[in-house]
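Take a look at the structure below.
The values are calculated or read from the model by the stated rules, or taken from the named source; none is laboratory data. Note that the structure is a prediction, hence the values are computed from the model and not measured. Using ideal geometry, Cβ is built from the backbone for each residue, glycine included, and neighbour counts are taken over all protein chains shown. Ligands, DNA and RNA are excluded from the accessible area calculation, which covers all protein heavy atoms including side chains. Shrake-Rupley method; radii C 1.70, N 1.55, O 1.52, S 1.80 Å.
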Amino acid sequence: MISENTAYDTLHETALKAPSSSGVYLWRDAKSTVIYVGKAKNLKNRLSSYFSGDKGIKTRMLISRAHSIEYITTANEYEAFLLENNLIKKYTPRYNIALKDGKSYPVLRITKEEFPRFFKTRRIVQDGSLYFGPFPDAGALDTFIDTLYRLYPVRHCRTFKKRDKPCMYYHIGRCKAPCCGKISSDTYNSYIGEIAGLLEGKGDETVAKMTAEMKAAAAELNFEKAARLRDGLRALTVMQNQNIVEDFDSEDRDYIAHFREGELVSFTVLKIRGGKLLGRDNFRAVSLNEDSELLEEFACAYYTEREMIPPMIYVSTQDGCELLTRWISETFHTETKIILVTDRIENARRHEAAMAMATENAHEDIIRRLRERGDTPAMEELQRLLGLPRLPVRIEGFDIAHIGGKFPVASLISFYNGNPDKKNYRYFRLKTTNGVIDDFGSMREATSRRYSRLLNEGAELPDLILIDGGIGQVNAVDGILKTLGMDIPIAGLAKRDEEIWRPHTSKPICLPKRSDALRLLQRVRDETHRFATSRNQTLRTKENTVSVFKDLPHVGEKRERILLQAFTTLENLAAAEEAKIAQTLHVRAAEASEILLAARNLLTQRTERTETKKTLFAAQLGNGTTNTGGAPGEESLYAKALAAAALDDELMVAEP
């Protein structure tokens, strides 16, 4: 029996680890009965909100009765709307009754007549009419319908009657008067065909037509018409979002997708029955088979009864489809089509969206599995293959990012128990290699600053250091650690062939691509690269948006903009004449002289700093301190200098 506090903590942890995508969440009690269904634009934010702040009695009661939280990710909030509605109708949860009325969403109907009309409705009549939707945003649907009536000269009247004289809509150009025989059935229905194609996602020509009319109206200064067409295009964007949660194709079908990490494989099956998605099933497996063998392996275990098999099964890979079709036919004596989802099948956009949704849910399940088990198998395999003295519970990874030597940044990320530990992420603004492309020197600086600090503070050391690079970077870091008197295992992962390098070895370690150990190292390496690149981009953006002119005397925001526009760079300003500055800023000669003198001094300081860095680097190069793989003694001066400078320079900034 799980205690109340333990259950609360488990629910809270599930909420904190939920993805930030849109979706639907289900609260279940101890008997696995669904007691509440909700939707969210951001699942993590919405679920976390249940555990923060003061809550009403109903929310407190919900949490006290809940035992677990399950969630289904969707492509957008639009699909979450519909899936929530379907699940509420399916489960009738007790805590939804006071909140949800369960009404259906509106659809667009095209009638089956000689001269059809279209309109919004909530009632489905099986008389051969075409239906599109449903559409949760009824306002967007109204705008869209109004735009269609302005674009296409189709009838507005509810009842079609033969007339002698056309109505007002004909005279204002909004209808071709089929009631008076002024348009043929074929021509009229070509308009209806365009509208249907637009709703089916085939309306590129109509979009182009609407866009051209909008631009023409704006050019003619008819802004009212241009705004109307603009709103119509926006509504069309909403209407063209393919909905895979609910449609009017009553054919039962399954969508099967999978995601894998090493030997872990998760399958997701979306089950469409009667035109509605009623949920999804996740299945977990451990398999060493190749991806091409997974579908048939799963299907043979999943489909055990004839009643379970729908007329159509959509899959993401062609491998195994032929054998699976034959097996279903011979085993269950039923004919089922196994269809590969490509852009060449009918209604491709809808099926591609469904398959993407299934794949995303399988991926999310893999993430949960890795968290649950702590990736112990990968750590055990890594310890065995690399000959590590202990299990690599704490792994620290390093990578370098720069643009032509400018804004060099080293990232440090930390994995604990096989998963990212973001509160221990760090980054370093590199000093000795700014303006110089030297990955080995950059790696030396970053690791010396990091581990001299840990050594000075007596802090816990990692079980393994992973370098994003090959033997050169690994040997460079090994020299730093030996100089500091530290014995921490090091490995490098080279991107090209995914080779693992240990210090001072002539051959790399090559692991199978399905190896759990390799997968863990790849996750660490990819995360170091992402973190380093994102920080480098931030620095470049900051540099490009901050003007050096702000440091000059008599220069505020307005004058800063004027100088930036007139001179662009500090060099240009320092080379300008005093009279030119006075004329540009409309200031007196004395103020212009002060600005010019300050600009020249600032430029001189910049030049001197650059020359100092170049001299330092040249000295290091002459002493052999930038070579890789050298003896520890050759690097001692460099390491100690970096260590001495490091204690106050590490940027202790955790990732947001």
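General observations
- Condition met for residue 10 (modelled with pLDDT of 85 or more and either out of contact with any Asp or Glu (no Cβ under 9 Å at 6 or more places or on another chain) or open to solvent by less than 10 Å² (accessible area, probe 1.4 Å) (or both)): yes
- The residues of segment 57-80 that are within 23 Å of residue 140 (Cβ to Cβ) and surrounded by 22 or more Cβ atoms within 10 Å (Cβ to Cβ), listed by number, are 74, 79, 80.
- Test for residue 361: is it within 23 Å of the chain's Cα centre (by Cα), buried (at least 19 other Cβ atoms within 10 Å of the Cβ), among the polar types (S, T, N, Q) and within 24 Å of residue 14 (Cβ to Cβ): yes
- Subset tally (residues that are over 34 Å from the mean Cα position of the chain (by Cα) and in contact (Cβ under 8 Å) with a residue 40 or more places away in the chain) for segment 503-531: 1
- Those residues of segment 82-140 which are of a type in the set (Lys, Arg), in a loop (DSSP other than H, G, I, E, B) and modelled with pLDDT under 80, in sequence order: 94, 100, 103, 122, 123
- Scanning segment 516-538 turns up no residue that is surrounded by fewer than 18 Cβ atoms within 10 Å (Cβ to Cβ), farther than 28 Å from residue 423 by Cα and basic (Lys, Arg).
- For residue 144, the conditions (1) surrounded by fewer than 17 Cβ atoms within 10 Å (Cβ to Cβ); (2) outside any loop (DSSP other than H, G, I, E, B) are fulfilled apart from (1).
- Among residues of segment 257-279, those that are buried (at least 20 other Cβ atoms within 10 Å of the Cβ) and closer than 23 Å to residue 83 by Cα, counted: 9
- Highlighted here are the strands (runs of 3 or more DSSP E) found entirely within segment 448-537 that include at least 1 residues which are over 18 Å from residue 394 (Cα atoms) and in contact with a strand residue (DSSP E or B) (Cβ under 8 Å, 6 or more places away or on another chain): 490-494, 499-501.
- Conditions (1) in contact with a helix residue (DSSP H, G or I) (Cβ under 6 Å, 6 or more places away or on another chain); (2) at pLDDT 85 or above: number failed by residue 464: (1)
- Some residue of segment 389-401 being open to solvent by 10 Å² or more (accessible area, probe 1.4 Å), closer than 30 Å to residue 256 by Cα and not acidic (Asp, Glu): no
- Of the helices (runs of 4 or more DSSP H) lying entirely inside segment 302-412, those containing at least 2 residues that are in contact (Cβ under 8 Å) with a residue 60 or more places away in the chain and acidic (Asp, Glu) span 348-373.
- Test: residue in segment 284-295 that is open to solvent by 20 Å² or more (accessible area, probe 1.4 Å), of a type in the set (Val, Ile, Thr), assigned to a strand (DSSP E or B) and closer than 30 Å to residue 521 by Cβ: yes
- Tally, over segment 383-403, of residues that are within 30 Å of residue 438 (Cβ to Cβ) and more than 28 Å from the chain's Cα centre (by Cα): 3
- Filtered by the rule that a residue be within 15 Å of residue 415 (Cα to Cα) and touching a strand residue (DSSP E or B) at 6+ places or on another chain (Cβ under 9 Å), segment 384-398 gives 392, 393, 394, 395, 396, 397, 398.
- Residue among 410, 356, 378 that is hydrophobic (A, V, I, L, M, F, W, C), more than 30 Å from residue 72 (Cβ to Cβ) and at pLDDT 85 or above: 410
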